[in-house]
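**Student:** Please see the structure below; I have some questions.
The values are calculated or read from the model by the stated rules, or taken from the named source; none is laboratory data. Being a predicted model, the structure only gives us computed values, none of them experimental. Cβ: placed from backbone, ideal geometry, glycine included. Neighbour counts: every protein chain shown. Protein only, heavy atoms only, side chains kept; ligands, DNA and RNA dropped before computing areas. Shrake-Rupley method; radii C 1.70, N 1.55, O 1.52, S 1.80 Å.
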Amino acid sequence: MTAAITAMITAVVGVLGTLFAPILAQRLTARQRVEDAELADTRRKFEERRAQYTAMNRASRQFHTLLKDALHRIRDHVYTEQERAQLEEARLDHRDRYAEAQMIVPERILQASRDLNRVLANGDAAIKRLDRGLARDGESVERALERLKAADPHLDTMRKLMREDLGIND
């Protein structure tokens with residue numbers, strides 16, 4: 001190979017390198033932007049799920065607690081209008097959190113929530129009947145409290161599934 005051919009090859013490689021460098025840089029930048037956007041979307045979805053799980057867990061536990069409190073207060077004949085309003089507010093909050101969750105959480109968590117909702121709704125209905133003096137045959141505060149205890153394992157299961165979905169395994 002002569003010096004002229006070597007110089008020409010070097011010049012062609014240099015010119016091609018100069019021409020293709022911006023294209024290569026643009027492709028690498030575009031790829032990085034796509035990866036960054038995917039990572040940001042994954043983080044956003046994770047944070048959205050975490051926030052939903054937190055709200056759902058809090059609302060379910062609050063509703064459960066107020067149901068138990070209402071039964072105790074009905075039994076003691078000290079159930080007030082303010083407590084009725086608090087219970088209704090907790091019921092509505094629980095319903096809203098569940099409705100929001102239906103759009104973003106996996107089916108296994110929704111199923112756990114449905115199982116819990118069934119117990120809580122039955123407890124709420126019993127409380128309303130007992131409060132109005134319209135108890136069904138055999139229905140009592142003690143029996144309603146006993147049935148409401150069935151919510152405890154459902155609360156634990158729902159929390160466990162949510163934590164697993166968030167990657168918290170212990």
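**Student:** When the dipole is taken about the Cα centre of the chain, and only Lys, Arg (+1) and Asp, Glu (-1) are charged at their Cβ, what size is it in debye, to the nearest 20?
**Tutor:** My answer is approximately 180 debye.
**Student:** Count the lysine pairs in the chain whose Cα atoms sit under 24 Å apart, keeping only pairs 8 or more residues apart in sequence or on different chains.
**Tutor:** Eligible lysine pairs with Cα atoms under 24 Å apart amount to 6.
**Student:** Calculate what fraction, in whole %, of the accessible area of region 1-129 sits on carbon and sulfur atoms when a 1.4 Å probe is rolled over the protein chains.
**Tutor:** That share works out to 60 percent.
**Student:** Which is farthest toward the positive dipole end of region 94-170 among 120, 141, 168, measuring Cα position about the Cα centre, with Cβ charges +1 (Lys, Arg) and -1 (Asp, Glu)?
**Tutor:** Toward the positive end, the furthest listed residue is 141.
**Student:** Order 143, 27, most accessible first, counting only protein heavy atoms with a 1.4 angstrom probe.
**Tutor:** The ranking, largest first, comes out as 27, 143.
**Student:** Just the accessible area per residue of region 103-170, please: how many Å² with a 1.4 Å probe?
**Tutor:** 59
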